[in-house]
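Engineer: Sending over a structure as structure tokens; questions will come in a sec.
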2 protein chains.
Amino acid sequence: MVEHSGLDIMCLNKYCHSSSSSSSSEPDKKVFTKLKLNLSGDYPRKNAEILSGQYGTNVLLIGAALMLAIAHHGPSVREEHLLSFVSCLMLLQLMWMMWYILVRDRQTNSRTEKDVHATTCWIRGGLTLLALLSLIMDAFRIGYYVGYRSCVSAVLGVYPVIHATHTIAQVHFLWFHIKDVIKSFETFERFGVIHAVFTNLLLWCNGVMSEAEHFLNNHKRRLSALGYGNLTVVHSEPHCNCTTSTCSMFSSSLFYLYPFNVEYHIFVSAMLFVMWKNIGRTIDLSSNRKRQATKTQGLTVGPVLGLLALASTIGILVVYVTHVEESLQTRQSAISMFYIYGIVMLAFMCSAGASGLLIYRADHMPLDTSKNPSRQLDTELLFGSSIGSWLMSWCSIVAVLGTDSSPPYRWTNLIYSLLIVLEKYIQNLFVVESLYRQQEDGESEDPELPATPEIFSVTSSLAPPYDGIINRAYVTPDRTCVNMENSDQEESGQVYRCPRKPSEAPLPVGNKESEPPNIKRQILKNIAVFLIMCNISLWILPAFGCRPQYDNGLEQETFGFSIWTAVLNFAIPLNLFYRMHSVASLFEVFRRV
Amino acid sequence: MVEHSGLDIMCLNKYCHSSSSSSSSEPDKKVFTKLKLNLSGDYPRKNAEILSGQYGTNVLLIGAALMLAIAHHGPSVREEHLLSFVSCLMLLQLMWMMWYILVRDRQTNSRTEKDVHATTCWIRGGLTLLALLSLIMDAFRIGYYVGYRSCVSAVLGVYPVIHATHTIAQVHFLWFHIKDVIKSFETFERFGVIHAVFTNLLLWCNGVMSEAEHFLNNHKRRLSALGYGNLTVVHSEPHCNCTTSTCSMFSSSLFYLYPFNVEYHIFVSAMLFVMWKNIGRTIDLSSNRKRQATKTQGLTVGPVLGLLALASTIGILVVYVTHVEESLQTRQSAISMFYIYGIVMLAFMCSAGASGLLIYRADHMPLDTSKNPSRQLDTELLFGSSIGSWLMSWCSIVAVLGTDSSPPYRWTNLIYSLLIVLEKYIQNLFVVESLYRQQEDGESEDPELPATPEIFSVTSSLAPPYDGIINRAYVTPDRTCVNMENSDQEESGQVYRCPRKPSEAPLPVGNKESEPPNIKRQILKNIAVFLIMCNISLWILPAFGCRPQYDNGLEQETFGFSIWTAVLNFAIPLNLFYRMHSVASLFEVFRRV
């Protein structure tokens, strides 16, 4: 939230101006004209942020309240109410997007600024894929509605149609407008963008809730099969027969598509949030350069190990899902198998991340402190979404240490949980350091200007916090630079020295050093690829039904059924998001190193 | 998290230096010496933040896992385990504080930098009061332990002793060290401070849980008295007789002291968090000036209305608490009374906040964008803690609209809930705008230098993001300033003009304008005082047992007992914190305007 806008500067000038020119008129009249002027005119940026942020939060909370009421399965609030609310939100977002695109198209004469850090081609490509799967899901939903149309609410038919339209329009918006830096109608657009952010977040919540309910029902069914009894499974089946033959196929396939739909919405919402943070920002053009293509030579160990991990994961998934429904013996061995597999996997991931960090320690390099809302959000989301899985792990550890029963997987569960904590800890450090390190691009491509990146970064650190209002072309970097060699500051460890001009810079040492950095880079690239594959594996398992936390019974004994399912309903969606998000971040790392 | 440290600059220089000087030696050997050097040496700031932040989060999550296990009242994890864990954390914090104070005392020759924004005298005074009440609570706990010492765990006796020591040491730390900007052993101190932050947060969670359990037991007791039956009240009374005559007195008084203890810990944790954010920061001395004393003339309407609100609140509290335990009729009338009182109160608060915002709109002034972690945290906490009460309100609204039963307070509940949402919305906007507006201090005191604050703020916006490493005394502001009058930028609405030097600035208009701003100031001061009193009132009510959300039955019907109590256990502590925190923020507003 430490943002500084060009707007403030404008206001400052306006303020000075108005107070100096109208000082001779009566104060009362002036106050009122000022009031009129300012109510219609520009609104301070910080306030506009709070105003729209509060609006969005409340929209989400209304949805949350409706979902909580539905979770109770009471007579008064039903799913139709939530779906109509969400449909209204989507329609509003559609109208805003249409308005936005129309206005943008009219302003073809003035070039819109873009933030190149906002997203990358491959992220948009991935999202388009997820959107396609979401569209298939909508088709299934429509088919389901057609089958049961005589006895279900019309909302169940209208909702997938609106959702499909919304998905198509949104993907178009992502491809052509997500990088825009909005500079006109700022306050209004802020509301539009934040509305889109929270609509997607609500759609995510809705998907997560449906998924959680599905798993909970499965879990209860298993428990009653094992003889725990008296747990009522709530069936949401309609009270009439399906008129087509495909209804059950549709409803069972839906749950294999949910994970993709859920990831789609949370990713879109994160990207729109970056767009919201960018509103009114002035992009620092010097840091807005595109990166060159990634080299992929020397990539063998990482991909091979990663593919091995992925293959074994699919094997484990199949064995687990088929075995866990059977007798107690098979069930326990399936769970043990899962934990042993997890321990091996996580141990490899920990050592990969740790060696990456060691390489960074050996190769000291300044961190890039230029402003980049996208990167900052990535960091915060990684950290924030780890919390869910950490809580789950610590609960498991407490349960293992506190329990009296001793199933065969008791201690493997403990080690697995400890490794989960450690692995996220190390991986977050690795990703954050990789994203914040300055890039050594142009090392061999431009032998004439080897020191440029450093100097560029130093000048961009010297840039004003409102980021680039001064056209850097008019400022020579050495004018803003001052030598401070007084001993006081030297003692406290903070000395600032002038960035040297290219001509003064020491001669490139890249040729002599080119060998070791390249080996390091290759190792880092291999680590990144390996971690990507591992994270995909660890996403696949819970997304498609391998959730031993439901099945092992240890935690349920210590925490009770309701508290433990509440923890899982909170933690598992966050963990799924964490894995997907770290795949995206690690891919970014892969391209940077 | 957009932070920029002086450290990075050092590293940059070191990097350039080492790569230019040692380019002739063998690469392998160099890598290893570098590795050794960097492992022991300074660690990049961003990483140190993530490293320590993750540590703190995990400490809190271990505590949360223990608390969840205790909430189940199972046989394996008992309260003693949590208390011993928390005691260990407090001992660790005590050791760190002792170490810190000793090291600081030895370095008497070098002056420690202070961040004057970090806290104010009156906040520390208030915290000392709260700490005193916490000490009384510890005394009661020790008394309780002495009475039951034959049959309770020794941990229950050791814990209050450690807590009392911890409280005394921490208050000392708050008075003499909380403003320190740490510059030595940064990574280690980061761990120390974040450990202190999360220890206090865990103590807050623990207090909140005990309080929630107490209220839930009361609620269940009332429900069974009304004949709802079959709710088991869990008694945590020891299984032996008290050897002294004061045990029941101690245990019942404890619950009147809990609210103060809880607020104490959360406030300390927020202040320590600001200290953590300040580590390694270089304070911009120009913005580090102290404010002059506040004038209190013309303060009548606000305090009078506020006192009226406070007095009526205490009346309502007494009537509510005595009436709600009685027959259904009296109970319903008590609840109705509460809602009508709440509507009147909130309507006044909304109009006060809205008029404050209107005054700001009439008096356009640039926002202060200088860096101030304390203020930023205040804003985020206000916004974040509103979420609890917003969720509760939206749930009430859903319940009122969805329910079939129609108690007399149905529609007053609706209006009350809507006003709660609106009031927090407006109050947050008002507080944030007040804290971010530039101060017009020195308006009449320094007629020679009226434009200084503006110029200072412009130069500090031009300051490098790592905030003040360049000694501003060496830089003349006009050197960094460039006129850009090219029409392209003019169109997009972002023109930057040079800040004028004091000599060029327009002559002060303060003398002619001095009347209206003073009236505005007086109105704003009255609004702030009134809002302070109202927020204290709205804190007192839930803190001392007036929680109609438990008693009115509407929401419970729609959401079910378990979901609704979960929502309340999440929302009420956040709401209590919100009220206390907004009192502190509004007091800051009162001093600024």
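The values are calculated or read from the model by the stated rules, or taken from the named source; none is laboratory data. Everything quoted here is computed from the prediction, not taken from an experiment. Cβ placement follows ideal geometry from the backbone for every residue including glycine, while neighbour counts extend to all protein chains displayed. Remember, those area values only see protein heavy atoms, side chains included, never the ligands or the DNA or RNA. Shrake-Rupley method; radii C 1.70, N 1.55, O 1.52, S 1.80 Å.
Engineer: Could you report the buried accessible area between B and A, both sides summed, computed with a 1.4 Å probe and given in Å² to the nearest 100?
Structural biologist: 11000
Engineer: Given q = 0.19 Å⁻¹, what are the Debye log10 I(q)/I(0) values for the stretch B:311-356, with equal point scatterers placed on the Cα positions and solvent ignored?
Structural biologist: Log10 of I(q)/I(0), two decimals: -0.61.
Engineer: Where the accessible area of the stretch B:365-404 is counted over protein heavy atoms with a 1.4 Å probe, how much of it, in %, is carbon and sulfur?
Structural biologist: Reported share for carbon and sulfur atoms: 56 percent.
Engineer: Same structure again: Let's see if you can work this out: charge +1 on each Lys and Arg Cβ, -1 on each Asp and Glu Cβ, no other charges. What is the dipole magnitude of the stretch A:291-414 about its Cα centre, in debye to the nearest 20?
Structural biologist: Around 340 debye, computed over the stretch A:291-414.
Engineer: For the stretch A:351-359, take each phi angle, set θ = phi - 60°, evaluate the Karplus expression 6.51 cos²θ - 1.76 cosθ + 1.60, and give the result in whole Hz per residue in order, putting x for glycine and proline.
Structural biologist: 5, 4, x, 5, 5, x, 5, 5, 4
Engineer: Would you kindly work out, in nm and rounded to one decimal, the distances from the label point of residue B:222 to those of the same position in each other copy, ordered shortest first, with label points 7 Å along Cα-to-Cβ?
Structural biologist: 4.1
Engineer: State which entries of A:520/B:277; A:277/A:424; B:179/B:277 exceed 21 angstrom in Cα-Cα distance in the structure shown.
Structural biologist: Checking Cα-Cα distances, A:520/B:277; A:277/A:424 exceed 21 Å.
Engineer: Computed over the Cα atoms, what is the radius of gyration of the stretch A:94-179 divided by 2.2 N^0.38 Å, N being its residue count?
Structural biologist: For the stretch A:94-179, the normalised Cα radius of gyration comes out at 1.40.
Engineer: What are the ³J(HN,Hα) couplings of the stretch B:88-103, residue after residue, when phi is run through the Karplus curve with 6.51, -1.76, 1.60 and θ = phi - 60°? Round to Hz, x for glycine and proline.
Structural biologist: 4, 4, 5, 4, 4, 5, 4, 4, 4, 5, 4, 4, 4, 5, 4, 4
Engineer: Let me ask another. Could you order B:403, A:165, B:330 by accessible surface area, starting with the largest, using a probe radius of 1.4 Å?
Structural biologist: A:165, B:330, B:403
Engineer: Then there is this: Sort shortest first the distances from residue B:439 to its counterpart in every other copy, using label points 7 Å along the Cα-to-beta-carbon line, and give them in nm.
Structural biologist: Output for residue B:439: 4.3 nm, nearest copy listed first.
Engineer: Roughly how much of residue A:534 is accessible, in Å² to the nearest 10, using a 1.4 Å probe?
Structural biologist: Its heavy atoms expose roughly 0 Å² to the probe.
Engineer: If the stretch A:528-593 were replaced by its equivalent ellipsoid, with semi-axes equal to the square roots of 5 times the Cα gyration tensor eigenvalues, what would those be, largest first, whole Å?
Structural biologist: 30, 11, 8
Engineer: While we're on this one: If one puts a single equal scatterer on every Cα of the stretch A:287-409 and applies the Debye formula without solvent, what log₁₀ I(q)/I(0) results at q = 0.22 Å⁻¹?
Structural biologist: Reported log10 I(q)/I(0), two decimals: -1.43.
Engineer: Still on this structure, I have one more. Once Rh is set to the Kirkwood radius over Cα pairs, what Stokes-Einstein translational diffusion coefficient, in µm²/s, holds for the stretch A:105-239 at a temperature of 4 °C and a viscosity of 1.567 mPa s?
Structural biologist: Taking Rh from Cα pairs, D becomes 70 µm²/s.
Engineer: Along the charge dipole of the stretch B:292-404, which of B:323, B:369, B:397 sits closest to the positive end, that is, farthest toward it, with unit charges on the beta carbon of Lys, Arg, Asp and Glu (+1, +1, -1, -1)?
Structural biologist: In the stretch B:292-404, that residue is B:369.
Engineer: For peptide B:383-396, how many partner chain Cβ atoms fall within 10 Å of a residue's Cβ, on average?
Structural biologist: Mean number of neighbouring Cβ atoms from other chains: 4.
Engineer: How many nm separate the modelled label positions at residue A:355 and residue B:111, each set 7 Å beyond the Cα in the direction of the Cβ?
Structural biologist: That separation, rounded to one decimal, is 5.2 nm.
Engineer: Here's a follow-up. Which order do B:79, A:263, B:186 take by accessible area at a 1.4 Å probe, largest first?
Structural biologist: Most to least solvent-accessible, the answer reads B:79, B:186, A:263.
Engineer: Among A:205, A:268, A:173, which residue has its Cα positioned farthest towards the positive end of the charge dipole of the stretch A:151-276, with +1 placed on the Cβ of Lys and Arg, -1 on the Cβ of Asp and Glu, and the dipole taken about the Cα centre?
Structural biologist: Farthest towards the positive end: A:205.
Engineer: Let me ask something additional. To one decimal in nm, how far is residue B:253 from the same spot in the other copies, if labels go 7 Å from Cα toward Cβ? Please give the shortest first.
Structural biologist: Distances between equivalent label points, in nm: 7.1.
Engineer: Can I ask one more? Can you give the three extents of the C-alpha atoms in the stretch A:343-394 along their principal axes, from longest to shortest, in whole Å?
Structural biologist: Here the spans come out as 37, 27, 14 Å, largest first.
Engineer: Can you work out ³J(HN,Hα) from phi for every residue in the stretch A:427-439, in order, using Karplus 6.51 cos²θ - 1.76 cosθ + 1.60 and θ = phi - 60°, giving whole Hz and x for Gly and Pro?
Structural biologist: After applying 6.51 cos²θ - 1.76 cosθ + 1.60, I find 4, 4, 4, 5, 5, 4, 4, 4, 6, 9, 6, 6, 7 Hz.
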